Amino acid sequence: MKLFIDTANIEEIKTVSTWGIIEGVTTNPSLIAKEGRKLVDVIKEITSLIHGPISAEVKEGLSEDMLEEAFTYARMHPNITIKVPMTLEGIKATSRLSALNIKTNVTLVFSVPQAMMAAKAGATFVSPFMGRLDDDLKDPEAGYRLLEDIRVAFDNYGIETQIIAASIRHPLHVEQAALAGSDIATIPFRVFQEMVVHPLTTKGLEIFRNAQK
Ligand code: G3P
């Protein structure tokens, strides 16, 4: 499973780029707004730091408008992936972008039928949201089951659209994404910091530190 970072914060991206394990970046309108910068400026800077797919999300609307915005981003760098919202207009835009060999990531996916439509449109990636689904259904395994089901559906037909486990809130989501066979997990910086921690690792470090005194 590839690890992407889900952020638009350049300092976080600079830090993770030194770890040598991050293979892509996803952004969304909320993450861009948090930085108080223009999407094009953020995306441009990210392309110089991470050499893998970088998702830039277009505004929801008519497919022609989404396409116009998508072309602006796609022209900036071959790694730019157009993040398209899961609507019928989004599906139309995705089909057109796929035909032009522009990478796409269909986002806000909460069901197998939605994932199938995105795949049929030729999406490079599909982003099921684990955390938001768990919250909505008040079930900590709802996101996990959705990933498993999309994996089965895609494998039934040899669909090549890659599954990005998104809306990850804690290390257990990363574990569930890996067990469900996701191709990618896109993870916030804070969760990466939590992923290295285990109480027995902390205890073991202390024991070794004391022995080395
Ligand atoms: O980038 C899409 C997704 O990861 C958003 O996560 O935490 O806003 O549900 P969240």
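Quick check: is even one residue across region 132-148 aromatic (Phe, Trp, Tyr), more than 11 Å from the ligand (Cβ to nearest atom) and touching a residue at least 40 places away in the same chain (Cβ under 8 Å)?
Let us first name the residues in region 132-148 that are aromatic (Phe, Trp, Tyr), namely 144.
Adding the requirement that they be more than 11 Å from the ligand (Cβ to nearest atom) leaves 144.
Going one step further and asking which of them are touching a residue at least 40 places away in the same chain (Cβ under 8 Å), we end up with none.
No, there is no match, as no residue in region 132-148 is aromatic (Phe, Trp, Tyr), more than 11 Å from the ligand (Cβ to nearest atom) and touching a residue at least 40 places away in the same chain (Cβ under 8 Å).
How many residues are open to solvent by less than 40 Å² (accessible area, probe 1.4 Å) and out of contact with any Leu (no Cβ under 8 Å at 6 or more places or on another chain) when one looks only at region 88-108? Going through region 88-108 one residue at a time, the tally reaches 8.
Filtered by the rule that a residue be under 21 Å from TRP19 (Cα atoms) and within 16 Å of the ligand (Cβ to nearest atom), region 29-78 gives VAL42, ILE43, ILE46, ILE50, GLY52, PRO53, ILE54, SER55. So is GLU60 more than 29 Å from GLN176 (Cβ to Cβ) and either modelled with pLDDT under 95 or not aliphatic (A, V, I, L, M) (or both) or not? Criteria not met by GLU60. For region 6-18, the tally of residues that are assigned to a loop (DSSP other than H, G, I, E, B), away from the ligand (no atom under 15 Å from the Cβ) and in contact (Cβ under 8 Å) with a residue 60 or more places away in the chain stands at 0. For SER63, the requirement of being surrounded by fewer than 18 Cβ atoms within 10 Å (Cβ to Cβ) and of a type in the set (Ser, Thr, Tyr) is not met.
Entry remark, region 135-163: residues being part of a helix (DSSP H, G or I), surrounded by fewer than 15 Cβ atoms within 10 Å (Cβ to Cβ) and acidic (Asp, Glu) number 2 in total.
Listed here are the residues, each with its yes/no results for (1) buried (at least 18 other Cβ atoms within 10 Å of the Cβ); (2) assigned to a strand (DSSP E or B); (3) modelled with pLDDT under 95.
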{"position": "PHE4", "(1), (2), (3)": "yes, yes, no"}
{"position": "GLY20", "(1), (2), (3)": "no, no, no"}
{"position": "VAL25", "(1), (2), (3)": "yes, yes, no"}
{"position": "VAL42", "(1), (2), (3)": "yes, no, no"}
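One residue stands out in region 117-131 among those that are under 17 Å from LYS83 (Cβ atoms) and without any contact (Cβ under 8 Å) to a residue 40 or more places away in the chain: the one that is surrounded by the most Cβ atoms within 10 Å (Cβ to Cβ), namely ALA123.
When region 171-213 is filtered for residues that are in contact with a helix residue (DSSP H, G or I) (Cβ under 6 Å, 6 or more places away or on another chain) and assigned to a loop (DSSP other than H, G, I, E, B), the ones remaining, listed by number, are ALA180, GLY181, SER182.
The values are calculated or read from the model by the stated rules, or taken from the named source; none is laboratory data. Nothing here was measured: the structure is a model prediction, and the numbers come from that model. Cβ coordinates were reconstructed from backbone atoms using ideal geometry, including for glycine residues, and neighbour counts include every protein chain displayed. Side chains included, ligands, DNA and RNA excluded: accessible areas come from the protein's heavy atoms. Shrake-Rupley method; radii C 1.70, N 1.55, O 1.52, S 1.80 Å.
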